[in-house]
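Each remark here refers to the structure printed beneath this line.
The values are calculated or read from the model by the stated rules, or taken from the named source; none is laboratory data. Quick caveat: nothing in here was measured; it's all calculated off a predicted structure. Counting neighbours? That spans all protein chains shown, and the Cβs are built from the backbone with ideal geometry, glycine included. Only protein heavy atoms, including side chains, enter the accessible area calculation; ligands, DNA and RNA are left aside. Shrake-Rupley method; radii C 1.70, N 1.55, O 1.52, S 1.80 Å.
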Amino acid sequence: QVQLVESGGGLVQAGGSLRLSCAASGSIASINVMGWYRQSPGKQRELVAAISSGGSTNYADSAKGRFTISRDGAKNTVYLQMNSLKAEDTAVYYCNYRQLASSSWGQGTQVTVSS
């Protein structure tokens, strides 16, 4: 079982920046993928960005050019640097950890962008 603790959400004005962090603990596999998803009211949870243990990244079109995902393997922590934030980025952001046959979710952190 892997536990995830997120931090870094908050209220920011449009055009501003936030950095989300997600620390993983527990039975962490050497091969895994960590990512950020988001969900706003009335919408399905969607992928924002993901990064593999090997460093490969994947971004939603809405995140490309504005968000950067990175990870610190020694700390088992993944980060999401969000720049040029827009009102439509407002959502609860969830950290996700995936390894073969299992997945874990964080509790979510609210990001609110005021226009």
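Restricting attention to the range 78-105, and to residues there that are part of a strand (DSSP E or B) and among the small types (Gly, Ala, Ser), which single residue is farthest from GLN44 (Cα to Cα)?
Restricting to residues being part of a strand (DSSP E or B) and among the small types (Gly, Ala, Ser), the top hit is SER102.
Using the structure shown, decide if LYS75 is touching a residue at least 12 places away in the same chain (Cβ under 8 Å), at negative phi and part of a loop (DSSP other than H, G, I, E, B).
For LYS75, the condition - touching a residue at least 12 places away in the same chain (Cβ under 8 Å), at negative phi and part of a loop (DSSP other than H, G, I, E, B) - is met.
Tell me which of these SER104 doesn't satisfy, since it passes every other one: (1) under 16 Å from GLU6 (Cβ atoms); (2) of a type in the set (S, T, N, Q); (3) touching a helix residue (DSSP H, G or I) at 6+ places or on another chain (Cβ under 9 Å).
SER104 satisfies every listed condition except (3).
Exactly one of these conditions fails for ALA101: (1) open to solvent by less than 40 Å² (accessible area, probe 1.4 Å); (2) modelled with pLDDT under 95. Give me its number.
Unmet condition: (1).
Are any residues in the range 64-89 more than 14 Å from the chain's Cα centre (by Cα), surrounded by fewer than 12 Cβ atoms within 10 Å (Cβ to Cβ) and closer than 19 Å to VAL111 by Cα, and if so, which ones?
Answer for the range 64-89, where residues must be more than 14 Å from the chain's Cα centre (by Cα), surrounded by fewer than 12 Cβ atoms within 10 Å (Cβ to Cβ) and closer than 19 Å to VAL111 by Cα: GLY65, ALA87, GLU88.
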